[in-house]
1. Give 149, 171 a once-over and let me know the one that is in contact with a strand residue (DSSP E or B) (Cβ under 6 Å, 6 or more places away or on another chain), more than 26 Å from residue 274 (Cα to Cα) and not in a helix (DSSP H, G or I).
2. Among the helices (runs of 4 or more DSSP H) contained in the stretch 189-267, which hold 3 or more residues that are farther than 28 Å from residue 176 by Cβ, touching a strand residue (DSSP E or B) at 6+ places or on another chain (Cβ under 9 Å) and modelled with pLDDT of 95 or more?
3. From the set of residues in the stretch 109-130 that are in a helix (DSSP H, G or I) and free of Cβ contacts under 8 Å to residues at least 60 places away in the same chain, which is surrounded by the most Cβ atoms within 10 Å (Cβ to Cβ)?
4. Regarding the stretch 228-239, can at least one residue be identified that is buried (at least 17 other Cβ atoms within 10 Å of the Cβ), over 20 Å from the mean Cα position of the chain (by Cα) and touching a residue at least 24 places away in the same chain (Cβ under 8 Å)?
5. Check whether at least one residue in the stretch 286-306 is more than 12 Å from the chain's Cα centre (by Cα), modelled with pLDDT of 95 or more and farther than 30 Å from residue 132 by Cα, and report yes or no.
6. Checking the structure you have, find out if any residue of the stretch 93-108 is modelled with pLDDT under 90, in a loop (DSSP other than H, G, I, E, B), out of contact with any helix residue (DSSP H, G or I) (no Cβ under 6 Å at 6 or more places or on another chain) and within 24 Å of residue 142 (Cβ to Cβ).
7. Give me a count of the residues in the stretch 264-280 that are buried (at least 20 other Cβ atoms within 10 Å of the Cβ) and more than 28 Å from residue 327 (Cβ to Cβ).
8. In contact with a helix residue (DSSP H, G or I) (Cβ under 9 Å, 6 or more places away or on another chain), buried (at least 21 other Cβ atoms within 10 Å of the Cβ), at pLDDT 95 or above and in a strand (DSSP E or B): which single residue out of 181, 156 fits that description?
């Protein structure tokens, strides 16, 4: 082959590679995005939910229809005005009374019996209320277009290192403790999540035990794959796992409760910080009655948390996203601080659920 033909062939190959690279680059989300500071015509859809905040027993049917234009604009704002094709959030419109994406949930996590499981059991209630006020103020300042909604994220079924009488390596909290969490949520004009750690049990066995609470309009659900020990390991000795089938059971269960009882949509939070914590994530199916949040709950310095978020939450999209901040463990390594709201709002997509532990 002469030099002229070789040059033409090489130039053509380089052109093809360049086109392919551009195409592939368009298919992946950018690694960083500026904070969207000005999106016109965004108006909070607050009529239904503000009614429920003032009176959890209020009737919601027919209060207001979903503003689909506002919904789409807010979802695009979470994606920094891009439209990632595989993201379910663009194709599922929630029913009346939906919280997301009209509010950003700001939750405190834990169990009242333990100082080691989260902030809820670590400080007195007076200090806790002041901390809520501080964090809510920070988020409202960082994103004035998305009102912050306080939440209590209470571990209602905790994994245990001992099998217990039933051999399931889990402990169900008494009613007075669960009601304490719900009443705290109401005192904040917020909502409550009841979190489930199944141990050697299953979501099919454990979630129905919380039904009487989930029938309340301001009570939502969380499930934690870390503590689901399908291989029979003792909780805490390794990281557990849940499959899409387990998560879809929770979604279908909540969907049925919403439909049969005229409830506003529920929010389901699923925790994740490794690939194997959720298997077959592509098969998770949100519904108009249940909004799904995948919450990145690994601890560490900011760069590590960003990588985990990109790898296991933003990079494996389901519907909405969240991130957990650890008041203690996130400060163990340089730069010895929590991520700021401004830093978190640069993530792709922007987390709409923020959890403090």
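1. Numbers: 171 fails: more than 26 Å from residue 274 (Cα to Cα).
Step by step, each of 149, 171 is checked, and only 149 is in contact with a strand residue (DSSP E or B) (Cβ under 6 Å, 6 or more places away or on another chain), more than 26 Å from residue 274 (Cα to Cα) and not in a helix (DSSP H, G or I).
2. Working: elements: 203-206, 211-214, 244-261.
Hits in the stretch 189-267: 244-261.
3. In the first step, residues of the stretch 109-130 are kept if they are in a helix (DSSP H, G or I); the result is 119-121, 125-130.
Still in the list and also free of Cβ contacts under 8 Å to residues at least 60 places away in the same chain: 121, 125-130.
Values: 121: 17, 125: 12, 126: 8, 127: 11, 128: 19, 129: 16, 130: 12.
My answer is 128.
4. Here is the first cut: in the stretch 228-239, the residues buried (at least 17 other Cβ atoms within 10 Å of the Cβ) are 228-229, 235.
Imposing the further condition that a residue be over 20 Å from the mean Cα position of the chain (by Cα) reduces the set to 229, 235.
Okay, now just the ones that are also touching a residue at least 24 places away in the same chain (Cβ under 8 Å), so 229, 235.
Checked against the condition, which is being buried (at least 17 other Cβ atoms within 10 Å of the Cβ), over 20 Å from the mean Cα position of the chain (by Cα) and touching a residue at least 24 places away in the same chain (Cβ under 8 Å), the stretch 228-239 yields at least one hit.
5. yes
6. No, the stretch 93-108 contains no residue that is modelled with pLDDT under 90, in a loop (DSSP other than H, G, I, E, B), out of contact with any helix residue (DSSP H, G or I) (no Cβ under 6 Å at 6 or more places or on another chain) and within 24 Å of residue 142 (Cβ to Cβ).
7. The first filter runs over the stretch 264-280 and keeps only residues buried (at least 20 other Cβ atoms within 10 Å of the Cβ), leaving 264-273, 277-278.
This time we only want the ones that are more than 28 Å from residue 327 (Cβ to Cβ), so: 264-265.
So the answer is 2.
8. Numbers: 181 fails: in a strand (DSSP E or B).
None of the other options fit; the residue is 156.
The values are calculated or read from the model by the stated rules, or taken from the named source; none is laboratory data. Everything numeric here is computed off the predicted structure, so don't read it as measured data. Glycine also receives a Cβ, built like all others from the backbone with ideal geometry; neighbour counts cover every protein chain displayed.
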